[in-house]
1. Using per-residue counts of other Cβ atoms within 10 Å, averaged over each peptide, order 47-59, 257-269 from highest down.
2. Given just the C-alpha atoms of the chain, how large is their convex hull per residue in cubic angstrom?
3. Treating only the Cβ of Lys, Arg, Asp and Glu as charged (+1, +1, -1, -1), what charge dipole size does the chain show about its Cα centre? Round to the nearest 20 debye.
4. When the distances between all Cα atoms of the range 273-324 are binned every 5 Å from zero, what whole-number percent does each bin get?
5. Taking a quarter of the surface of the convex hull around the Cα atoms of the range 49-203, what do you get in nm²?
6. Calculate, in nm to one decimal, what R22 and D71 gain on full extension: separation in residues at 0.36 nm each, minus their alpha carbon distance.
7. Averaged per residue, what accessible area in Å² does the chain show with a 1.4 Å probe, protein chains only?
8. The range 194-331: Rg/Rh from Cα coordinates, Kirkwood Rh?
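The values are calculated or read from the model by the stated rules, or taken from the named source; none is laboratory data. Computed from a predicted structure; not experimentally measured. Counting neighbours? That spans all protein chains shown, and the Cβs are built from the backbone with ideal geometry, glycine included. Just so you know, the surface numbers come from the protein's heavy atoms only, side chains and all, with ligands and any DNA or RNA stripped out. Shrake-Rupley method; radii C 1.70, N 1.55, O 1.52, S 1.80 Å.
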Amino acid sequence: MRILGIESSCDETAAAVVADGRRMLSNVVASQTALHQETGGVVPEVAARAHLRALVPVVRRALADAECSWDDIDAIAATAGPGLPGALVIGLNGARGLAYARGLPLIPVDHIEGHVCANWLLDAEPQLPALALVVSGGHTELLLMHEHGRFVRLGGTRDDAAGEAFDKVARLLGLPYPGGPPISRLAAEATVRRVRLPRAWLGESDDFSFSGLKTAVLHMVQSPGAPPPAEIAWAFEESVVDVLSKKAARAAEREGVASMLVAGGVAANRRLRERVIERSPVPVHIPPPVLCTDNAAMIAAAAFRHLDAAVAPESALDIVPTAVRRGRRWA
Ligand code: KG4
Ligand code: ZN
């Protein structure tokens with residue numbers, strides 16, 4: 001079963017072919033990073049138009065890399081949300097057009113579930129139930145995954161997403177967008193590691209909050225005699241990583257899960273990867289960085305678990321721009 005996946009929820013136009021939800025035959029990502037660096041962040045309309053330009057070449061490339069013709073493709077999947085509305089419409093409607101032309105089923109996929117399913121593209125198959133920590137530019141979610149498609153949301157951010165905090169703090173430190181990688185590089189240069197920034201533990205809750213930390217960085221940067229930027233970056237990364245890894249480990253212990261899954265762009269962070277592995281009471285699965293940030297292989301992998309959700313491309317269809325927290329799949 002070969003699924004062509006398409007992803008366009010934010011600022012990467014991506015297409016991939018995945019066999020049986022596990023074997024990646026191609027994975028093409030056209031990043032808009034350079035475009036958004038001019039504005040220091042994603043301008044939704046600019047992103048949507050860039051998706052429109054990139055979609056067809058990216059799909060062609062994904063088929064060529066997989067050495068597939070259209071006859072080898074059994075279904076087409078695309079991200080339906082959450083994400084930027086204009087950006088989602090381009091990918092989903094593009095997928096629908098292709099499905100219509102080829103007479104193939106169309107499978108709309110939840111982006112967050114896609115991030116989680118990137119862990120099924122690795123050699124070791126995760127054991128369920130699992131605790132999933134999804135940390136990206138738009139989301140910070142702690143999910144209890146009973147089985148594919150059956151998630152309970154234990155907690156999430158009350159304000160900024162973890163990646164958003166990296167992006168905003170990078171801006172305060174004069175670093176480019178997206179902020180995660182340059183903050184990590186700068187933090188690694190810190191020789192003195194004494195600066196301490198706050199952590200929002202929020203008691204026993206599985207929720208997160210990063211806006212206070214961001215404000216603390218702002219005050220520190222503006223204060224007379226502020227520490228060097230590398231030391232601030234180190235302390236910021238330490239604070240985020242400490243809270244994410246401790247809360248994920250605590251929830252895994254309490255829920256008695258069989259494994260821990262980490263996903264989303266921030267899961268590319270080296271210190272987060274190390275700390276989660278160190279603290280988790282159960283085996284940890286984390287995709288390689290290219291499968292942590294937005295990609296379409298994860299969308300095809302998730303779609304394989306929802307073949308029953310396939311729709312006829314000519315049927316009425318809509319995007320789901322915001323996370324559905326109390327819907328069918330997010331209890
Ligand atoms: O999953 P993703 O590509 O897009 C969303 O679905 O949001 O995540 C992008 C986010 C950005 O905020 C970026 O700064 C962050 O992931 N990120 C990182 C690293 N690489 C990307 N954050 C921390 N450390 C990294 N190495
Ligand atoms: Zn994402």
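1. Peptide ranking by packing, descending: 257-269, 47-59.
2. Residue-normalised Cα hull volume stands at 123 Å³.
3. Using Cβ point charges on Lys, Arg, Asp and Glu, the chain gives about 620 debye.
4. 4, 13, 13, 19, 17, 14, 9, 5, 4, 2
5. 13.2
6. Roughly 15.6 nm would be gained on extension.
7. The answer is 42 Å² per residue.
8. 1.06
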